[in-house]
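A quick write-up on the structure given underneath.
The values are calculated or read from the model by the stated rules, or taken from the named source; none is laboratory data. This structure is a prediction, so every number in the text was calculated from the model and none was measured. Glycine gets a Cβ as well: all are built from the backbone with ideal geometry, and neighbour counts include every protein chain shown. Just so you know, the surface numbers come from the protein's heavy atoms only, side chains and all, with ligands and any DNA or RNA stripped out. Shrake-Rupley method; radii C 1.70, N 1.55, O 1.52, S 1.80 Å.
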Amino acid sequence: MKVRVDEDRCEGQAVCIGLAPQVFELGDDDEFVQLRVEDVPEERQARVRKAVSKCPMAALTIEE
């Protein structure tokens, strides 16, 4: 599973970081979220799915 961040939609509200800090982090400018890993390990996939569903800007997508 891979996850993507749409930087045009992301506002850096960091909901995803709270749910999956091993996968998401704020970029250097603190304006949007970036990925720590591109391929999500199986043990983190449930948290990432929750982060995607809770993103207030719908800026995250999953590729299976």
**Fill in**
For strands (runs of 3 or more DSSP E) lying entirely in the chain, having 2 or more residues that are open to solvent by 60 Å² or more (accessible area, probe 1.4 Å) and of a type outside the set (Lys, Arg) picks out 60-63
**Message:** Among the residues of region 23-34, what is the count of those that are free of Cβ contacts under 8 Å to residues at least 24 places away in the same chain and either touching a strand residue (DSSP E or B) at 6+ places or on another chain (Cβ under 7 Å) or under 17 Å from residue 50 (Cα atoms) (or both)?
**Reply:** 3
